[in-house]
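Note sheet for the following structure.
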Amino acid sequence: MAIIAVFNQKGGVGKTTTALNLLAAIAQRGERPLAIDLDPQGHLSHVFGARPRHAEETVCGFFLHQTPLDDIAQITRSGVVLCPAHLDLAKLDALLGKSLNVVLRLRQGLRRPGAAPGTVVIDCCALLNVLSLNAIFACDLMLIPVSCDYLALASAREVERALNALEPVLKRRLPRRYVLTRYDARRKMSEDIIVQMAEVLRPEEICGTRIRENVKLAESPAVELDVFRHAPGSKGALDYTALLDELLPVLGGA
Ligand code: ADP
Ligand code: MG
């Protein structure tokens, strides 16, 4: 089992798009991955068709009432098992605090026998809150989407600083990969960001795969589909297949 957390402190960089389509790419290969939606806005849950009415039926139940993850998990049309989010997740910082035993809760939940037989992908929100800390402490690999703009790169540097600051607690350098999203070779800014990324981040931690700007990726949530079901031959489907291929060897040892 490998656990990937998709995180960036900026909104709109492609975290949910990346989580959704990586999960779908894994499911395409016959595995049944587990999606954990840790964003109170619940976009990932929404695209997967989940509309939970009660907070207890979502990851809120796991964090607040120790409900096992398998009890809140549901199977989606994409062949992905989903632990959905709820708006009440926004209250967890105030309710739980950020003590070590709280930020380790997801790690412990996922390591329970049978909780997650396959790959796990966690979709985080754009805050370094108690939920994102849980994702950081649970994951084997942090995947940081960086859309091709200056503010997204500035946020990536903040993520880098935050992860480095946590290193003494994690007792290791957390494996991480930065992936460029919304890449458009015709825009000068895209090339500028590539150059600057290589200057401010470790080059070996930047994915060779770039997720291109692709209208099919932007459309697919509107029809509640991942890109493989919406437009299997699209650039979006090709790019997320390539990203999974690139990440698999990194996850191999996890
Ligand atoms: P985040 O989860 O980081 O807030 P999203 O994944 O929701 O970001 O993406 C923000 C918006 O950008 C969405 O409308 C999404 O459809 C669009 N988007 C993301 N990646 C791409 C892409 N490669 N090409 C075109 N649109 C994209
Ligand atoms: Mg999102």
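The values are calculated or read from the model by the stated rules, or taken from the named source; none is laboratory data. Since this is a predicted model, take the numbers as computed values, not measurements. Ideal geometry is used to build each Cβ from the backbone, glycine not excepted, and the neighbour counts take in all protein chains shown. Accessible surface areas use protein heavy atoms only, side chains included; no ligands, DNA or RNA. Shrake-Rupley method; radii C 1.70, N 1.55, O 1.52, S 1.80 Å.
General remarks:
- Three-way shape label, the chain, alpha-carbon gyration tensor, a/c 1.5: oblate
- Anisotropy class of segment 138-254 from Cα gyration tensor, a/c 1.5 cut: oblate
- Taking the Cα centre of segment 31-126 as reference, the dipole from Cβ charges on Lys and Arg (+1) and Asp and Glu (-1) amounts to some 160 debye.
- Pairs beyond 31 Å (Cα-Cα), from Lys15/Lys171; Lys91/Lys235; Lys171/Lys216; Lys91/Lys216: Lys91/Lys235; Lys171/Lys216; Lys91/Lys216
- Vicinal HN-Hα couplings computed from phi for segment 134-147 (Karplus, 6.51 cos²θ - 1.76 cosθ + 1.60; Hz; Gly/Pro x): 4, 5, 4, 6, 8, 8, 8, 9, 9, 10, 10, x, 10, 6
- DSSP loop trypsin sites (Lys or Arg not before Pro) with at most 16 other Cβ within 10 Å excluded, longest remaining stretch of the chain: 188-254
- Dipole of the chain, positive end: most advanced residue of Leu20, Phe63, Val47 [Cβ charges, Cα centre]: Phe63
- Here each label is just a point 7 Å from Cα along the line to Cβ, and for Val195 and His54 those points are 5.8 nm apart.
- Residues whose amide H lies under 5 Å from that of Ile206, counting only those 5 or more places away or on a different chain, are Tyr178; hydrogens are built 1.01 Å from N in the peptide plane.
- Distance between the modelled labels on Ala162 and Leu248, one decimal in nanometres: 3.1 nm (7 Å Cα→Cβ projection).
- Given R0 = 45 Å, the distance between the Cβ atoms of Arg112 and Lys188 translates into a calculated FRET efficiency of 0.35.
- Over segment 47-153, equivalent-ellipsoid semi-axes from the Cα gyration tensor in Å: 21, 18, 15
- Solvent exposure of segment 150-254, expressed per residue, is 52 Å² of accessible area, with all protein chains present and a 1.4 angstrom probe.
- Nonlocal amide H pairs with Val120, under 5 Å, H built at 1.01 Å: Ala2, Ile3, Ile4, Leu34
- Remark: segment 240-250, residue by residue, has Karplus-estimated 3J(HN,Hα) of 6, 5, 5, 5, 4, 4, 6, 7, 3, x, 5 Hz, where x stands for each Gly or Pro and the curve is 6.51 cos²θ - 1.76 cosθ + 1.60 at θ = phi - 60°.
- For Ser147, the residues whose amide H sits under 5 Å from its own are Thr181, ignoring neighbours fewer than 5 places away on the same chain, with H placed 1.01 Å from N.
- Under 19 Å from the Cα of Lys188 - aspartates and glutamates, other chains or at least 8 residues apart: Asp149, Glu199, Glu213
- Solvent-accessible surface ranking, highest first, for Ile4, Ile75, Ile194 at 1.4 angstrom: Ile75, Ile194, Ile4
- Accessible carbon and sulfur surface of segment 151-254 relative to its total accessible area, %, 1.4 Å: 56 percent
- The 3J(HN,Hα) values that the Karplus relation (6.51, -1.76, 1.60; θ = phi - 60°) gives for segment 89-104 are, in residue order, 4, 5, 8, 5, 4, 5, 7, 10, x, 10, 5, 4, 5, 6, 6, 9 Hz. Gly and Pro appear as x.
- Comparing Val80, Val121, Val169 in a Gaussian network model of the chain, where Cα atoms under 10 Å apart are tied by springs, the biggest mean-square fluctuation is seen for Val169.
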